[in-house]
Every structure is written in C-alpha cells, then in structure tokens.
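Below you'll find the structure, written out as structure tokens, and then a few comments.
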Amino acid sequence: MLENKKMEFWFVVGSQHLYGEDALKEVRKNSQTIVDELNKSAKLPYKIIFKDLATSADKIKEIMKEVNYRDEVAGVITWMHTFSPAKMWIAGTKILQKPLLHFATQYNENIPWKTIDMDYMNLHQSAHGDREYGFINARLKKHNKVVVGYWKDKEVQKQVSDWMKVAAGYIASESIKVARFGDNMRNVAVTEGDKVEAQIQFGWTVDYFGIGDLVAEMDKVSQDEINKTYEEFKDLYILDPGENDPAFYEKQVKEQIKIEIGLRSFLEKGNYNAFTTNFEDLYGMKQLPGLAVQRLNAEGYGFAGEGDWKTAALDRLLKVMTNNTKTGFMEDYTYELSRGNEKALGAHMLEVDPTFASDKPKVVVKPLGIGDKEDPARLIFNGSTGKGVAVSMLDLGTHYRLIINGLTAVEPDEDMPNLPVAKMVWKPEPNFIEGVKAWIYAGGGHHTVVTLELTVEQVYDWSRMVGLEAVIIDKDTKLRDIINMTTK
Ligand code: MN
C-alpha cells in the first residue's frame, strides 16, 4: 500500500510592535487557541503547527526559509491578526516555494456593538491587515489561496481542509514517478506530450521500460505466493467462473496474480508510484494486465492505459489528494442520448479502478477482442454515485492545459449483464449537451481521471499552484466563453 507521507502546515500570524507587548501576548494566545481548536475539531487531514508571530522582515524570511527546507512542511497558513505592514512580508514571501493560504478570519465572530472602543479596534483589525497583506501577494503574483470567514464556522474549516489536501498533492507531485511499459498506443494523438516540460512544471519523472523487463520480474514470482493471494481472493471478491471450466478459470486468474506480484515488485524496486501499459506491446505476456492493474490501483498506484503517462501521473496526484478514495483512471466510452436523459457511460477495456466499487467486485475471466492474447481476469463492479470531477490534461505544443469538468455520477438506467467490465455512469455539468461540447471544443481527451472526492475548485487550486492553464466546465460555464478562451 502506498501511504501518504506525514505532513504538517505552519500557521504564521501577522502582527506588529506598534501596540506594545501586552497586545502581542494577546495575539499569541488567540493564535494558539485557533490552532488548537482547528486541530481538535475541524477534521483536518494534516496537523497545523502554530509557528510564530511575524513582526519583522527578518523573522518572516527566517520562517519561510525553514518552510522550504523542511520536507514535512507542506505549506503555510497566514493570518493577519492585527494590521501587518506588508513590506516586511516581501522578502519572505518571494522565496516561499510551497503553497500559501491567506486565512482572512478574525478572532471574534461579532462586533461588540455596545462596548467597542479604539483599543478593541486596534487589536482586532484583520479587515485592515487582510487588505495590506493581500496587496503584496497580488503584486508578487503569488497564486495563493484566500479563505474568508469565521474560523469556527464548519464551512470555512472545510475550505481550509480542502486546500490542505491539494497542497499535500502539490508537494507529493515532485515524487511522482511513472514507469511506462511500452510506448504510447500507435497513432493516438492526445496521449502524447512533452515529458521534459512535465518534469519541470509538475515534477513528474517518466521512465520507459520494455515489457520484457516486467516479464523477467514476473518469472521470479513463486507458485506459493500466487496460491496465497488466490486464497485471499475468496474473502475479498466473488469468484465467478461463469461458463468457464473451473480449472481454466483458476489458471487465468492466477496468471493475473503473477502479473500483479511481478508488477508490484518492479515498481517497488524503482520507487515508482504510477505506471502505464499498452495492449500493443505485450511480447512475452500471456494476458493484458487487468485484475493486476486494478489491485495496484486499490493500493494507490496511478495508472492509465495505452502508454498515457500524463493521465497515469494525474491519477497518482489525485489519489494523494483523496487518500486513494473513489478516484481513478476512466475513459468516456458510450452515450445515452435520449433527450433529457442524456448521460455518459465510462469504463475501460479491463482496468477500472476498484476504489469506485459500490458492491463486492466479481473476478471474471472473459475473452478480450483486443491485444490478441489469452482471456484475461478482471474485477467487475458497479461504480459509486455522487458529485465529482473529470480531469484531462493535454499538451497543446505551446503549453499544457487542464480541463476540469464537474459531474454527477448516477445509477445506470438498467443492469448491464453482458458488459464484461466495471463501469460508471455520469452526467457532466452544466448539462450533458453543453458539457460535452465544451469538453470537445477545449480539446479534452477520452482518458480522464475521475474523482468523487474532490471539487472543481480543488483541482483548479492545484492548477494555480503549478501555473497551469485551466479550462473549467461547471454549473456556471457558458459555452461561448469556453470557445472564446480556447480558440483565441
Ligand atoms: Mn483507453
């Protein structure tokens, strides 16, 4: 299992010496209370540490240098308790290389109308400090996040929590390593891209291997290991031989287990956390990896088919952000086009991510009309429902573009007993017709990463962190805006 690294966020509070030591003591106390309360009750994915008060340029620079240097620190949350003259933030903010959230909150929720005096105002002037500090971030083009509201408010806390997940993904992105078995599928355009640029902009390492390297690793797998995993399957899945001879079924499933163990071992040795396969490049393999891929997806490995390394890396990235929940590689396959009931059926030829499963997966062996190999084993299940996002990344030659489409995954209209793969059904925003049009105009690929655990805003926040062009297709999208933006 690929565990998310332990990370923490530093809380840095803007203030100044103008109002004396007593005021600073109060600021420090308030800051600690907020941090303790957030850690205790805000359901945050990572811990916040109250680092210090920022009252001088030297102090701020010292903190930011340490943030950059320490691997465990994923980002900085700043709060302007009192007015914080922002020239002192310039040097430190300029060198900060990690995500920054400006928490525009105030210690007290209400204005004490009857008792408020100038002393109160001088201590509680976040409104003032937020603007001074925001100006410097805007001028430095910091691409920081701004969250506004009372810090005990659950909705406000959720926005902080959502951002922390994205920031952790940003940090983890530097460690995404994709192993590609074979090249891209021949003749396919959208899966191509500039790997050097991807490494510069997103931190992704993409390494090529011949499929023979995997076959060699599979040859080392012992029959005992295979049998042991097969026994575990009996609890985890429904073993469904269907019309197959039981001995043939078991042999085919065990061949996928051999691929799985070989793959995992290969990836672990090279420290890879994502991979691609290509059904055109299977020399020495008996089956296309299906069940094997799905089992590794369940452990957190990013994946995409047909050599699509961009989508595989993106899959791993979103799996970090979601802690590997309801997130995986997906392909737009088939439409339901009856008016008012339009939807898209998503699947792949085998490798649909089991983190989407809403029922106990079945292990099934069926022929595959593609790749010209033996009948592969795969997990079949129905997908989950709920709101989510489909994401596609494309290389336009001049720059990368990220397309982010809000969606709602829904129940299929009917069972699909003859469909030999796992599947999901969804409706894109703002509605099916406009959503699909916008996606096509913007050049979005057929391969996507779908997640039911992130919002459009979270994926957009990541695109801002890495300076990536984002096309958002959601409930507010006007088709003409998309066309204007993408054809200028
Ligand atoms: Mn595909």
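The values are calculated or read from the model by the stated rules, or taken from the named source; none is laboratory data. Here the structure is a predicted model, which is why all the values come from computation and not from measurement. So basically every Cβ, Gly included, is an ideal-geometry build from the backbone, and we count neighbours across all protein chains shown.
List of remarks:
- Taken over the range 327-383, residues that are of a type in the set (Lys, Arg), surrounded by fewer than 18 Cβ atoms within 10 Å (Cβ to Cβ) and under 30 Å from the mean Cα position of the chain (by Cα) amount to 2.
- Out of 34, 48, 60, sole residue that is closer than 16 Å to residue 10 by Cβ and in a strand (DSSP E or B): 48
Results for (1) in contact (Cβ under 8 Å) with a residue 60 or more places away in the chain; (2) away from the ligand (no atom under 16 Å from the Cβ); (3) in the same structural domain as residue 416 (by TED's automatic domain parsing), shown as yes or no for each residue.
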{"site": "337", "(1), (2), (3)": "no, yes, yes"}
{"site": "346", "(1), (2), (3)": "yes, no, yes"}
{"site": "367", "(1), (2), (3)": "no, yes, yes"}
{"site": "370", "(1), (2), (3)": "yes, no, yes"}
{"site": "379", "(1), (2), (3)": "yes, yes, yes"}
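- Here residue 282 meets each of (1) closer than 21 Å to residue 221 by Cβ; (2) part of a loop (DSSP other than H, G, I, E, B); (3) free of Cβ contacts under 8 Å to residues at least 60 places away in the same chain with one exception, condition (3).
Yes or no, residue by residue, for (1) part of a helix (DSSP H, G or I); (2) under 30 Å from residue 454 (Cα atoms); (3) among the charged types (D, E, K, R); (4) under 32 Å from the mean Cα position of the chain (by Cα):
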| position | (1), (2), (3), (4) |
| --- | --- |
| 43 | no, yes, yes, yes |
| 76 | no, yes, no, yes |
| 83 | no, no, no, no |
| 92 | yes, no, no, yes |
| 128 | yes, no, no, no |
| 133 | yes, yes, no, yes |
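- Residues satisfying the stated conditions in the range 172-192, i.e. buried (at least 18 other Cβ atoms within 10 Å of the Cβ) and more than 14 Å from the ligand (Cβ to nearest atom): 172, 173, 176, 177, 178, 179, 180, 181
- Filtering the range 436-458 for residues that are closer than 27 Å to residue 237 by Cα, touching a residue at least 24 places away in the same chain (Cβ under 8 Å) and assigned to a loop (DSSP other than H, G, I, E, B) leaves a non-empty set.
- Within the range 291-306, considering residues that are assigned to a loop (DSSP other than H, G, I, E, B), surrounded by fewer than 24 Cβ atoms within 10 Å (Cβ to Cβ) and of a type outside the set (Asp, Glu), the one nearest to the ligand (Cβ to nearest atom): 305
- Among the conditions (1) within 19 Å of the chain's Cα centre (by Cα); (2) within 15 Å of the ligand (Cβ to nearest atom), residue 391 misses just one, which is (2).
- Verdict on residue 313 being in the same structural domain as residue 278 (by TED's automatic domain parsing), surrounded by 21 or more Cβ atoms within 10 Å (Cβ to Cβ) and within 24 Å of residue 376 (Cβ to Cβ): no
- Residue within the range 292-301 that is β-branched (Val, Ile, Thr) and either over 21 Å from residue 366 (Cα atoms) or at pLDDT below 95 (or both) present: no
- One residue stands out in the range 1-52 among those that are farther than 30 Å from residue 173 by Cα, of a type in the set (A, V, I, L, M) and at pLDDT 90 or above: the one that is surrounded by the fewest Cβ atoms within 10 Å (Cβ to Cβ), namely 24.
Yes/no per residue for (1) under 18 Å from residue 338 (Cα atoms); (2) of a type in the set (Lys, Arg); (3) surrounded by fewer than 20 Cβ atoms within 10 Å (Cβ to Cβ); (4) within 20 Å of the chain's Cα centre (by Cα):
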site	(1), (2), (3), (4)
396	no, no, yes, no
400	no, no, no, yes
405	no, no, no, yes
425	yes, no, no, no
450	no, no, no, yes
456	no, no, no, yes
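- Within the range 244-283, being among the charged types (D, E, K, R) and at pLDDT below 95 holds for 280, 281.
- In the range 315-332, the residues that are within 14 Å of the ligand (Cβ to nearest atom) and either touching a strand residue (DSSP E or B) at 6+ places or on another chain (Cβ under 6 Å) or assigned to a helix (DSSP H, G or I) (or both): 315, 329, 330, 331, 332
- Any hit, the range 139-146, residues being surrounded by 18 or more Cβ atoms within 10 Å (Cβ to Cβ), in contact (Cβ under 8 Å) with a residue 60 or more places away in the chain and within 24 Å of the chain's Cα centre (by Cα): yes
- Yes/no for residue 244 being more than 16 Å from the ligand (Cβ to nearest atom) and part of a loop (DSSP other than H, G, I, E, B): yes
- Looking across the range 149-168, the residues that are closer than 17 Å to residue 320 by Cα and charged (D, E, K, R) come down to 162, 165.
- Some residue of the range 248-268 being closer than 30 Å to residue 458 by Cα and either assigned to a strand (DSSP E or B) or not assigned by TED's automatic domain parsing to the domain that holds residue 352 (or both): no
- Residue in the range 116-123 that is buried (at least 18 other Cβ atoms within 10 Å of the Cβ) and modelled with pLDDT of 95 or more present: no
- Among residues of the range 284-295, those that are in contact with a helix residue (DSSP H, G or I) (Cβ under 6 Å, 6 or more places away or on another chain) and closer than 20 Å to residue 186 by Cβ, counted: 2
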